[in-house]
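Report on the structure given below.
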Amino acid sequence: MKSKKIIILDDHTLFLKGMELILKEYCPNCDIYTYQSIKKLKHDRLNLRKFDLLVSDIELPDEDTFSFFSLLKENYPRLPILIVSMHKKNAIIKKCKAIGIEGYLLKHEDQQLTKAITTILSGKEYFSKTIVDFCKQTNNINENLSLREEEIIKLIAKGHPNQKIALILTLSVETIKTHKRNIKLKLNLKSTSDIIDFAKNNYLL
């Protein structure tokens, strides 16, 4: 691969160094810049228009990554972003796609890193098969839910009891209980805690 300028952003030192080694072996002539926080990256005042790719984790300690990525896409639309994360959550992946992020890998899929980078640098997107299959499966499940059921799921996940949900939605408590039973049946869930886990995976609460 021809010489490129690539930024790696990850707060885990070992993983950061591992990705750096993979990229240096893959592209010995590339300039690799590594950072463990958005704050340090901003501090260096790099001219991001001269960079070819940002490889980043989705969860960093010092700043909201979605806000940062949105700002990058607004100011540097030609800078592609590849997410390498441990999180396999539909809500996060959907948010990344909405922002315009070009790729998403799970951290244990590091063997796909060079393929993902080559694909993205050629102007295409790269979402690993694991991510694509997961999103299809999750979206198929979500399509079975009504808007009211999704609304109730989100309120349950926020810790509201049946009485409070009924008050918020101006429905009877019995109606809320019926919706909860239907939600469990549709999603094959057994308990309220299962509903909360589902909500955390599928919605940005």
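The values are calculated or read from the model by the stated rules, or taken from the named source; none is laboratory data. Please read these numbers as outputs of a predicted model, since none were measured by experiment. Using ideal geometry, Cβ is built from the backbone for each residue, glycine included, and neighbour counts are taken over all protein chains shown.
Of note:
- Candidates in the stretch 1-38 are the residues that are of a type in the set (D, E) and more than 24 Å from the chain's Cα centre (by Cα); of these, the one that is farthest from I58 (Cα to Cα) is E25.
- Check on K190, surrounded by 12 or more Cβ atoms within 10 Å (Cβ to Cβ), over 19 Å from the mean Cα position of the chain (by Cα) and farther than 18 Å from N90 by Cα: no
- Matching option when the condition is among the hydroxyl-bearing types (S, T, Y), over 28 Å from N140 (Cα atoms) and in the same structural domain as K129 (by TED's automatic domain parsing), among S85, S56, S70: S56
- Filter pass, A157 being more than 16 Å from the chain's Cα centre (by Cα) and without any contact (Cβ under 8 Å) to a residue 60 or more places away in the chain: yes
- In the stretch 84-111, the residue that is modelled with the lowest pLDDT out of those that are of a type in the set (A, V, I, L, M) and out of contact with any Phe, Trp or Tyr (no Cβ under 7 Å at 6 or more places or on another chain) is I92.
- Enumeration of residues in the stretch 71-88 that are without any contact (Cβ under 8 Å) to a residue 40 or more places away in the chain and over 13 Å from the mean Cα position of the chain (by Cα): L71, L72, K73, E74, N75, Y76, P77, R78, L79
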